Amino acid sequence: MFMIAAPSAAASSDPVGVLILLAALGVAAVWFGGRWAFNLGGAVETTLARRRAALELRGLRTGDLGLADTEGLGPSFFRLIGGVIAVAGLVLLALSLILATG
């Protein structure tokens, strides 16, 4: 059995790629979460319309036409989830900034 011994590159490498990834994910989360939280461009209504259309289509496929009549998730749910996503994106941005300066 042959073993290859090489010095570890992790100790001397610069985590620029990880910081860029964290920052990009943070910006994306703030953007998409903010769209839902503040209903920019009617994002919540669009999401609810898509969900209702998908339920209607599923109801037509399964033969259960009452499936689309159920009221499950309202606009307040999507605004709450959007706020959580936006705050998580801000945390990711802050984390990448802290790690970049530290």
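Only the coordinates and a few stated rules stand behind these numbers; no lab work does. Remember, it's a predicted structure, so these values are computed and weren't measured experimentally. Every residue, glycine as well, gets a Cβ built from its backbone with ideal geometry; the counts of neighbours run over all protein chains shown.
Data table
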{"read-out": "Taking the C-alpha atoms of the stretch 16-61, convex hull volume expressed per residue in Å³", "value": "79 Å³"}
{"read-out": "Correct option for P(r) over Cα pairs in 10 Å bins from 0, in percent [calculated from the coordinates] among [x] 14, 26, 21, 17, 12, 8, 2; [y] 17, 48, 28, 7, 0; [z] 12, 32, 20, 14, 15, 6, 0", "value": "[x]"}
{"read-out": "Estimated FRET transfer efficiency (residue 77, residue 25; beta-carbon r; R0 22 Å; 0.05)", "value": "0.45"}
{"read-out": "Highest-first arrangement of 18-27, 52-61, where packing means the average Cβ count within 10 Å", "value": "18-27, 52-61"}
